[in-house]
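The structure appears right after this line, and notes come after that.
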Amino acid sequence: MSVLASFDWSYIWERREVLAEGLKVTFELAAIGIAGAFVVGLLLGAARAYRIPVISQLAGIYVELIRNTPILVQIFLIAYGLPKATKSLQFEFFTVACVALVLWGGAFNTENFRAGFEAVPKRYNEAALALGFGRIRTFLNISLPIGGRIALPSSINTYISVFKNTALMTAISVEELTNVAKQSIDLDFRTWEMIAVLAVTYLTLVWTLSALIRLLERRLALPEER
Amino acid sequence: MGSEGSAAVAQPATTEVVRLEDVHKRFGDNHVLDGVDLTVDSQQVFVVIGPSGSGKSTLLRCINLLEPIQQGRIFFEGEEITRKGANASAIRQRIGIVFQQFNLFPHLKAIDNVTLAARRVKKMPRGKANERARELLGKVGLEEKAASFPHQLSGGQQQRVAIARALMMEPQLMLFDEVTSALDPELVGEVLVVMRDLAQSGMTMVVVTHEMQFAREVGDRLVFMDEGRIVEEGKPADVLSNPREERTRQFLRRSLQLAPLEDLSIEEGGNE
Ligand SMILES: Nc1ncnc2c1ncn2[C@@H]1O[C@H](COP(=O)(O)OP(=O)(O)O)[C@@H](O)[C@H]1O
Ligand SMILES: [Mg+2]
């Protein structure tokens, strides 16, 4: 009751510009993270599935490292560990956040695409070879469109996780939505107002994103699964 | 009967298209092809029969370079294709194969299945490819199914699209690996009719099949394979009616009779 009684709508309105600014950064992080995770996952997933020497093994280690450590540790490692290790470099935290999101999403997506490519029945590749396709053309025309579609549902879940992980960048002071909301809490003790903003915004965005991607998924799915 | 008909067509040109010399293929300890010699002449329908596991599929896959051989040589149109450094993709473009399981690309419409290799490998413009594909789909009685996806087609229709897809590359030789074995019995005829018409148009064909009626009526030459060897070879009617070898006799006794080809037509296949 007291929460509702003291809930100050006008405070949210007051903070609208700061919050919008934070939301913009969240979108930027998510866009870069998802695009990067797609590219990394596609390339390394293919390297894993087709056992391209060296790259495949390195990708395997990378995937294990990322999947078996907390993402917060990865963020700190990149933010503080890497500049130390490389001595001179001090990365901007926005860059660190992007790298962390791409590395995290890329690792999960590597597995998604690996599984997708491996699930393409061999007989389709053989049919292509028999028609005179070379190995690379077979990959581009057969394995990629079929395996990519098989990988779609699981990679969509990865993209949604990448989006939600942007909130963790609060830990390295990137001015994304969660962080600006937290700053407002620290400054003005308007805890409920800001938590409400965060909950409603993330829920709406993730739902919308999911709905959009599922729509895309339905359009891209193999014809027999539409 | 029918064999004389197609033999007459085969008379004028008798240049050899494929020759196998002492071909050996092993999977580990499994000696799957054990010294196979055979010659297929131009415009000939060369039928291969034999029990399951005797190496028939492997034989076709070796001719198409989908499997490497351990010993022996394979010639295609006078060129040794098993030599080191042979361009497998270029050779496979000239040899069509149709599989038991159709293997149509599931993400593409029938017409795109037919045109894909021509467009991507031969760089044929899409308009020209579509035009040619429609002709071929018409030939197999499926013009109006051009826009259907494989899963929307019956097995017999899928198999006919697969034949059109192979023909699109204008092969000099067509390999058929038990192409009716995965079909419901009532769909077998429509595929066999397409193959018969193709044979009559002068295509050189190697046909692995259990359809003895087809072998007898359309085949020019027939071999019986068992345990990786050619046990018996001759005119289809001779081998099927008067097998010399006991193993052939045993095998034939177990094989079934099917409806004569004259009773079948591909008309009903298109509008199912
Ligand atoms: N890729 C493969 N790896 C191992 N063994 C195989 C492979 N393909 C076929 N074989 C074996 O080769 C033998 C002949 O198979 P196949 O050529 O398919 O016979 P058919 O087509 O006459 O039934 C079988 O014993 C089969 O198990
Ligand atoms: Mg077989």
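The values are calculated or read from the model by the stated rules, or taken from the named source; none is laboratory data. Keep in mind it's a predicted model, so treat the numbers as computed, not measured. Reconstructed Cβ throughout: ideal geometry from the backbone, glycine too, with neighbour counts over all protein chains shown.
General remarks:
- Residue in the stretch A:37-53 that is closer than 30 Å to residue A:197 by Cα, crowded, with 17+ Cβ neighbours inside 10 Å and touching a residue at least 40 places away in the same chain (Cβ under 8 Å) present: yes
- Within the stretch B:137-153, the set of residues being away from chain A (no Cβ under 13 Å), within 8 Å of residue B:110 (Cβ to Cβ) and assigned to a helix (DSSP H, G or I) comprises B:137, B:145.
- Filtered residue count, the stretch B:163-177, keeping only those that are more than 16 Å from ligand 2 (Cβ to nearest atom) and outside any loop (DSSP other than H, G, I, E, B): 7
- Answer from B:142, B:153, B:183, B:187 - the residue that is away from ligand 1 (no atom under 16 Å from the Cβ), surrounded by fewer than 24 Cβ atoms within 10 Å (Cβ to Cβ), more than 20 Å from residue A:124 (Cα to Cα) and of a type outside the set (Lys, Arg): B:187
- Among all residues of the stretch A:152-165, there is none that is more than 17 Å from the chain's Cα centre (by Cα) and at pLDDT below 95.
- 1 or more residues within 16 Å of ligand 1 (Cβ to nearest atom): qualifying helices (runs of 4 or more DSSP H) within the stretch B:56-127: B:56-63
- Counted residues, the stretch A:183-218 - those being polar (S, T, N, Q) and farther than 23 Å from residue A:17 by Cα: 1
- For residue B:96, the conditions (1) of a type outside the set (A, V, I, L, M, F, W, C); (2) within 17 Å of residue A:142 (Cβ to Cβ); (3) buried (at least 23 other Cβ atoms within 10 Å of the Cβ) are fulfilled apart from (2).
- The sole residue among B:151, B:210 that is more than 16 Å from ligand 2 (Cβ to nearest atom) and either closer than 25 Å to residue B:63 by Cα or touching a residue at least 40 places away in the same chain (Cβ under 8 Å) (or both) is B:151.
- For the condition over 14 Å from residue A:158 (Cβ atoms) and of a type in the set (Gly, Ala, Ser), residue A:107 does not qualify.
- Any hit, the stretch B:2-23, residues being at pLDDT 95 or above and within 16 Å of ligand 1 (Cβ to nearest atom): yes
- Failed item, numbered, when residue A:41 is tested on (1) farther than 25 Å from residue A:213 by Cβ; (2) away from chain B (no Cβ under 14 Å); (3) in contact with a Phe, Trp or Tyr (Cβ under 7 Å, 6 or more places away or on another chain): (1)
- Some residue of the stretch A:191-213 being at pLDDT below 95 and of a type in the set (Asp, Glu): yes
- Residues located in the stretch A:115-142, provided they are at the interface with chain B (Cβ under 8 Å from one of its Cβ atoms), among the aliphatic types (A, V, I, L, M) and closer than 22 Å to residue B:57 by Cα: A:127, A:128, A:129, A:130, A:131
- Subset tally (residues that are closer than 18 Å to residue B:180 by Cα, modelled with pLDDT of 95 or more and of a type in the set (Gly, Ala, Ser)) for the stretch B:214-272: 2
- Some residue of the stretch B:121-136 being buried (at least 19 other Cβ atoms within 10 Å of the Cβ) and at the interface with chain A (Cβ under 8 Å from one of its Cβ atoms): yes
- Within the stretch B:52-110, considering residues that are more than 17 Å from the chain's Cα centre (by Cα) and facing chain A (nearest Cβ under 9 Å), the one nearest to residue B:203 (Cα to Cα): B:90
- Single residue of the stretch B:24-57 satisfying the filter (among the hydroxyl-bearing types (Ser, Thr, Tyr) and either free of Cβ contacts under 8 Å to residues at least 12 places away in the same chain or touching an Asp or Glu at 6+ places or on another chain (Cβ under 6 Å) (or both)) that is nearest to ligand 2 (Cβ to nearest atom): B:57
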